[in-house]
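Notes for the one structure printed next.
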Amino acid sequence: MKKKQTWYALFLAFVIGLFAVANYSTDSEEYSPIPTAEIAKEETPFDKMMRVLTHERCVNCHPNDNIPKQGNDSHPHYFGMARGKANMGFEATKCTTCHQSENNAYSGVPGAPEWSLAPAQMYWEGLNRVEIATSMLDPERNGGRTPEETMHHLTEHELVLWAWNPGVDANGIPREKPPVSKEDYIKAVKQWFEEGHIIPSE
Amino acid sequence: MTISLNVNGISQTVEITDGNTPLLWVIRDLLDLKGTKFGCGKAACGACTLHIDGEAVRSCSYPVKLAKGKTITTIEGLGNEENPHPVQQAWMEEIVPQCGYCQPGFMMATAALLDKIPEPTDADIDRNIINVCRCGTYYRMRKAIHKAAELSKSIETVKSENDA
Ligand code: FES
Ligand code: FES
């Protein structure tokens, strides 16, 4: 009797196994894993804009300690230069002692119209992208700009757009450009503002 | 490209092919004013400092095309042996230079500083006078800067007494 039951159980297991094999095909055509890129969220205009604004060379001019930073390693500006009273350096040795309205290919000194530090309240150094976006929309910290004015500033100001024309350094090596093209950045910023400049919670 | 500019009170017109030529080379090679020195060519040492419209500028990093219509003062225009600028006078009295190479740049930077801050503190000097002297004459320079401030003040006092 016991033997009969064992055979019965084995038979049942065999039948169940057959069904499982029939339903599970190992054919690679049918079983294709979802590519990781598709699993990852598609990049939103906010993501794109913030990839630029959090780039170290963008943040270099928005310090939290009144000291401009230089290079991709964001070291403090050489020669002890600092903000000074009007964001333009010290009384006699100013930003314009060395920086002019355009890049200098001979000396490697960068330049653009209105070369200066962002005002102290516009510090971004040490902030995450949500905090930066929040500060950009806060009139207390964005120079009293409306969102529309901020959008124009971000997409039209020559000093901002200089990021895509950064010239060469003191060794004649081209400076790194932001990780998004100028056109895509401008498009992303405009779209983000037009869609209500919503800051995602993170 | 033709560029007109005023250098040490004299109107000059220079013909130059490359408008990006550093002003330093125009001053030295075309206008033959050799007081302004070339040190690094990277806006790092200050040997090439001169004044453009009254502001200290490092001329190795200043394209001549931007100098169009501007007023330039070099060390030769600051003063001369008969009539030295207080900074030059103080520099002589304190016997500041060693090799001398960096000194015109320092004197131009100091003249710009005294123009903005007539009586600079040591902290003002530290912030603003950031040129490089490979002979290490910084200590004598600091004394000379304070002396230049005193000399300028006494000149001002005499002037206002004479005007009164
Ligand atoms: S030569 Fe211009 S700063 Fe050194
Ligand atoms: S005196 Fe020689 S470099 Fe300054």
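Any read-out appearing in this document is the output of simple, stated calculations on the displayed coordinates, not a laboratory observation. In this text, all values refer to a predicted model and were calculated from it rather than measured experimentally. Glycine also receives a Cβ, built like all others from the backbone with ideal geometry; neighbour counts cover every protein chain displayed.
The mean sequence distance of close C-alpha pairs (under 8 Å, at least 6 residues apart), as a share of the length of chain B, puts its relative contact order at 23 percent. The mean count of C-beta atoms from other chains within 10 Å of the C-beta of residues in A:86-96, rounded to a whole number, is 6. Distant-in-sequence amide contacts of B:Val7, defined by a placed amide H-H separation under 5 Å and a gap of 5 or more residues or a different chain, comprise B:Gln12, B:Ile72. Among DSSP beta bridges lying fully in the protein assembly as shown, give the percent that are antiparallel, nearest 5. Approximately 90 percent, going by the DSSP bridge assignments. The Rg/Rh ratio for the protein assembly as shown is 1.28, where Rg is the radius of gyration of the alpha carbons and Rh is the Kirkwood radius. Over the Cα atoms of chain B, the radius of gyration divided by the Kirkwood radius equals 0.99; this is the Rg/Rh ratio. With respect to chain B, whose longest principal axis is taken over its alpha-carbon atoms, helix B:138-163 is tilted by about 80°.
Near A:Val160: Cβ cut-off under 11 Å, other residues only, Lys/Arg at +1 and Asp/Glu at -1. The net charge is -2.
The label point for A:Ile198 and the one for A:Thr134, both projected 7 Å from the Cα toward the Cβ, are 1.8 nm apart.
For the residues of B:40-52, the average number of beta carbons from a partner chain within 10 Å of their own beta carbon is 3. Using only Cα atoms, find the angle between the long axis of helix B:103-116 and the longest principal axis of chain B, and express it within 0 to 90 degrees, rounded to the nearest 10. Approximately 70 degrees, to the nearest 10.
Between A:Gln191 and B:Lys153, the modelled label-to-label distance comes to 6.4 nm, taking each label 7 Å out from Cα in the direction of the beta carbon. Contact order for the stretch B:2-78, expressed relative to its length and based on alpha carbon pairs under 8 Å spaced 6+ residues apart, stands at 40 percent.
Inter-chain neighbour count for B:118-125: the average number of beta-carbon atoms from partner chains within 10 Å of each residue's beta-carbon is 1.
Here the residues A:Phe79, A:Phe90, ranked from fewest to most Cβ neighbours within 10 Å of their Cβ, fall in the order A:Phe79, A:Phe90. Restricting the calculation to alpha carbons of the stretch B:86-163 gives Rg and Dmax of 12.5, 44 angstrom. Using the Cβ-Cβ distance between A:Asn66 and A:Glu176 with R0 set to 30 Å, the FRET efficiency from 1/(1 + (r/R0)^6) comes to roughly 0.75.
3J(HN,Hα) couplings calculated from phi for the stretch A:69-79 with the Karplus curve 6.51 cos²θ - 1.76 cosθ + 1.60 (θ = phi - 60°) are, in sequence order, 10, 10, x, 6, 8, 6, 6, x, 3, 4, 6 Hz; Gly and Pro show x.
According to the Cα-based calculation, Rg over Rh for the stretch A:35-194 is 0.98, with Rh computed by the Kirkwood formula. If you take the Cα centroid of the stretch B:66-141 and the Cα centroid of the stretch A:139-188, the two points sit 37 Å apart.
Residues A:His157, B:His51, A:His55 in ascending order of nearby Cβ atoms (within 10 Å, fewest first): A:His157, A:His55, B:His51.
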